[in-house]
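Every number here is computed from the coordinates shown, using simple stated rules; none is lab data. Computed from a prediction, not measured in an experiment: that's the story for all the values here. Backbone-built Cβ (ideal geometry, glycine too); neighbour counts: all protein chains shown.
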Amino acid sequence: MNKIVESFELYGKEYRLETGELAKQATGAVLVTCGETTVLVTAVVSKQEKDYDFFPLTVDFMEKMYSVGRIPGGYLKREAKPSDKGTLTARMIDRPIRPGFPDGYKNEVHVVATTLVCDGQNPPDTICVAGASAALMAGGAPFEGPAACVRIARNVETGEFIVNPTYAEEEASDLELTIAGTAEYISMVEAGAKEISEEDMLAAMTFGQEAIAAFCEKQAEFLAKVNPTPMDYTIHAADPCIAERIAPYFDAMSAALRDADKLSRVEKVAALKDAIKAEQFDDAERAAWGSDIAAELKKLEKKAMRRMIIETGERADGRRPEEVRPLHIVPGYLPRVHGSGLFQRGQTQVMSVCTLGMLNEWQRLDTIDPAEGKRYMHQYNFPPYCTGEVGRMGAPKRREIGHGALAEKALLPVLPSEDDFPYAIRVVSEVLESNGSSSMASTCGSTLALMDAGVPISAPVSGVAMGLIKEGDDVVILTDIQGVEDFLGDMDFKVCGTANGITALQMDNKAKGLSVEILAKALKQAHEGRAHILSAMLETIAAPREEMRETAPRIETIKIPVDKIRDVIGSGGKVVRGIQEETGASIDIQEDGTIHVGATTGTAMEAAKAMILGIVKEPEVGEVFEGEVVGIKDFGAFVKLTPGKDGLLHISRVANGRVAKVEDVLNLGDVVKVTVIEIDPKTGKISLDRIDKPEAPAGSFGGEQRERRSDRDNRPGRGGREGDGRKPRRRHEA
């Protein structure tokens, strides 16, 4: 294939699609560019069909540090596991691509997006979806596209929407909406916002759908130049007799599904499936049709669940479509930790725990993203026991990272600024029991934990997961979906926010033809669900606690001149380490002279502050200090006035009367009370006088030595030289 290029401008930015030169052994490969940000997206489709009961699509996003002109950190100096942002980007590519393949297609598909250049202005993530779509279609894969993804921001001053904003434009926006799909339908939505209304969110989504259509049109023009040859493929078709044998069990499946208890329902459904396999299929058929039988049984379960809701308006657990499950909410569930909250909705239970720390405990990021780190960290854990299963515990999976990121995004807009609350904040949500909507339970539990910890959030946040059952023109929107409604439904639509507006949103859509009217109804129903949950939360804790736990660090901020930072740090950090070791406080020094002092006791806090202020304080003439003798010379003693600042107490001022040696009056480690009598304006050297001087001890110049000197011949030229064996000096001796 010859090199084919399509360059175009949309919404004020330059884009480029290119194929035919790189990675020619892949099924399809497209170089996609926005500004100077360039990503190579490849797609490979296996030739063999797999015996799976799911579509085997894998998406990898490879963050290459060379793309931003950096060498990776760590000992290996090469890219290791994906960052959280990289994992989220891979999920963002997967979700709009997956629905484009036909049902029953079981060939493995692998999409890899590799960042080659990142210009620091244009993010690489959204263009990867168009690259994946174009690579698949250029290779002739059975993909129904084109598909595209855009990010929508909003200019706060003008209210205008911005398509694929730069990092700077995004920073100045009150909305970050990532939306993907085709010209006909939306398949994926991610959003973070500063408490915007449902109407504004819907307007942004509508605008985003129009932008997606424009990008799909440009992609179609590029593909027309490529003129790909569609590959031959087969859609796996099960033997029709499998469905015929399973269909008569519809009523039995409907009965098995009507159970509010998840484990009981799962056991009933599993037992029915086993009975069907035993009654309708022999050993040879079960061996030959294993995955086909499993897929048909899943279809039976899906059909029974959906018809029950459409025809009766009743869900598996007996709830109405708009009804939220029973709530159990306990803020401050755990002792000693800085903050905690237990949130349970039906059979989904989450414990969120908040920990406060110094700002220098923030999370540092070694990624291609311009952000160096983050002060607020939310982590979500989903252990196997929460679903009653046996499994391996290890690194967080993509789903866990995604759910944690959603809860983090939901709470960021309500957190206090660093100036108002100079803490790093980490919240961990442990899913203890799960039956759907655990990410929204973690959002609610995290709000409880933050409020219990005394974090002055501007408003409490609640969240609810919405579902959709769509059969033809019949549509039912479900509030607070449980697991079976998520797996067998058409939409997972999560909405988080305060009483004032939306702070985060995420949607995965399996149903084509999702209209704006349906989305508007879902947003309205979600608002009602969120309000119900938030009201229940506020009954248990109405506002952030006024006092933090005794175990939480107290952090105070002081400001010093920038030219004094070096004095506080000391050579190799010696001074600041000494203050921390002596007081037990933690000290975080910023480049602008801001110092955050943290301690769990007031005594340690005040001691550390006093030592820092003492270092930067300039002594004044007449000021009195009590200081330790830290050095002794023939001419006097050096007294420590403040950490890092000494003054000289001359030998003539250590006592009343003359002394021969400073050690006759003072020793290292003695504490003396002194006053500043002079500061050299050029050198800054400080001269001291001792307050409450003692009398010079006997044996010094004031005692025995004075008596011995009285016996000397004090005449000029004599000076006690007679007995020393030397010849007396004569002035005019020839």
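Structure data summary
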{"item": "Length released on extending from residue 160 to residue 47, taking residue separation times 0.36 nm less the Cα-Cα span", "result": "35.9 nm"}
{"item": "Two-site FRET efficiency, residue 363 against residue 524, from Cβ-Cβ distance with R₀ of 35 Å, rounded to 0.05", "result": "0.45"}
{"item": "Segment residue 299-residue 199, length gained on full extension (0.36 nm per residue, minus Cα span)", "result": "32.3 nm"}
{"item": "Check: the range 327-540 dipole with +1 on Lys, Arg Cβ and -1 on Asp, Glu Cβ, in debye", "result": "240"}
{"item": "Whole-number percent relative contact order across the range 327-540, with pairs defined as alpha carbons under 8 Å at least 6 apart", "result": "22"}
{"item": "Evaluated over the range 240-312, the Cα radius of gyration and Dmax, each in Å", "result": "12.4, 40"}
{"item": "Three principal axis lengths of the range 444-492 [C-alpha, angstrom, descending]", "result": "50, 19, 10"}
{"item": "The chain: relative contact order in percent, alpha carbon pairs under 8 Å with at least 6 residues between", "result": "9"}
{"item": "Kirkwood Rh and Cα Rg combined as Rg over Rh, evaluated for the range 572-626", "result": "1.01"}
{"item": "Spin-label model distance (nm) - residue 418 vs residue 592, 7 Å beyond Cα toward Cβ", "result": "0.8"}
{"item": "Linear extension gain, residue 288 paired with residue 231, 0.36 nm per residue minus alpha-carbon span", "result": "17.8 nm"}
{"item": "Listed residues 431, 90, 80: farthest to the positive end of the dipole of the chain (Cβ charges)", "result": "80"}
{"item": "Point-charge dipole on Cβ atoms (K/R +1, D/E -1) for the range 1-116, about Cα centre, debye to 20", "result": "380"}
{"item": "Neighbour cut-off at most 16 other Cβ (10 Å), DSSP loop, GluC sites (Glu not before Pro), the range 580-626", "result": "591, 620, 623"}
{"item": "Positive-end residue of 675, 443, 280, charge dipole of the chain with Cβ unit charges", "result": "675"}
{"item": "Charge-dipole axis of the chain as Lys and Arg at +1 and Asp and Glu at -1 on Cβ define it, positive-most pick from 493, 482, 553", "result": "553"}
{"item": "Rough spin-label spacing in nm, given labels placed 7 Å along Cα→Cβ, for residue 271 and residue 250", "result": "2.4"}
{"item": "Candidates per GluC sites (Glu not before Pro) in the range 98-165, loop by DSSP, up to 11 other Cβ within 10 Å", "result": "157, 160"}
{"item": "Per-q log10 I(q)/I(0), the range 402-541, q = 0.13, 0.19, 0.20 Å⁻¹ (Debye; single scatterer per alpha-carbon; no solvent)", "result": "-0.56, -1.08, -1.17"}
{"item": "Sorted by Cβ density within 10 Å, fewest first, the residues 393, 377, 451", "result": "393, 377, 451"}
{"item": "Filter on 574/661; 564/661; 50/299; 106/512; 81/262; 64/218 - keep pairs with C-alpha separation over 25 Å", "result": "574/661; 564/661; 81/262; 64/218"}
{"item": "Computed [θ] at 222 nm, deg cm²/dmol, the chain (DSSP H ≥ 4; -39,500 (n - 2.57); rounded to nearest 500)", "result": "-9500 deg cm²/dmol"}
{"item": "Candidate aspartates and glutamates for bridging to residue 225, where Cα separation is under 17 Å - those fewer than 8 sequence places away on the same chain excluded", "result": "6, 18, 21, 217"}
{"item": "Fraction of antiparallel bridges per DSSP, the chain only, in percent to nearest 5", "result": "90"}
{"item": "Magnitude of the charge dipole, the chain, Cβ model with Lys/Arg +1 and Asp/Glu -1, debye to 20", "result": "3520"}
{"item": "Amide H partners (placed H, <5 Å) of residue 196, local residues excluded", "result": "502"}
{"item": "For the range 311-440: relative contact order, % (alpha-carbon pairs under 8 angstrom, 6 or more apart)", "result": "29"}
{"item": "Per-peptide average of other Cβ atoms within 10 Å, ordering 679-686, 412-419 highest first", "result": "412-419, 679-686"}
{"item": "Under 5 Å, built H, 5+ apart or other chain: amide partners of residue 378", "result": "427"}
{"item": "Longest to shortest principal axis, alpha-carbon extents of the range 323-364, angstrom", "result": "44, 25, 12"}
{"item": "Label-to-label distance, nm, for residues given as residue 385 and residue 170 (7 Å Cα→Cβ offset)", "result": "3.8"}
{"item": "Per-peptide average of other Cβ atoms within 10 Å, ordering 31-40, 146-155, 533-542, 186-195 highest first", "result": "146-155, 186-195, 31-40, 533-542"}
{"item": "J(HN,Hα) series, the range 665-677, from Karplus relation 6.51 cos²θ - 1.76 cosθ + 1.60, nearest Hz, glycine and proline x", "result": "10, 10, 10, 4, x, 5, 9, 10, 9, 10, 10, 7, 10"}
{"item": "Proxy reagent accessibility, fewest Cβ within 10 Å first, across 559, 494, 470", "result": "559, 470, 494"}
{"item": "Karplus 3J(HN,Hα) series, Hz, for the range 570-587 with 6.51 cos²θ - 1.76 cosθ + 1.60 (x for Gly, Pro)", "result": "x, 5, x, x, 5, 5, 5, 5, x, 4, 5, 5, 6, 9, x, 7, 9, 10"}
{"item": "Phi to ³J(HN,Hα) by Karplus 6.51 cos²θ - 1.76 cosθ + 1.60 over the range 471-486, Hz, x for Gly, Pro", "result": "10, x, 8, 7, 10, 10, 9, 10, 9, 6, 6, 9, x, 5, 6, 6"}
{"item": "Over the chain: Rg over Rh, Cα atoms, Kirkwood Rh", "result": "1.20"}
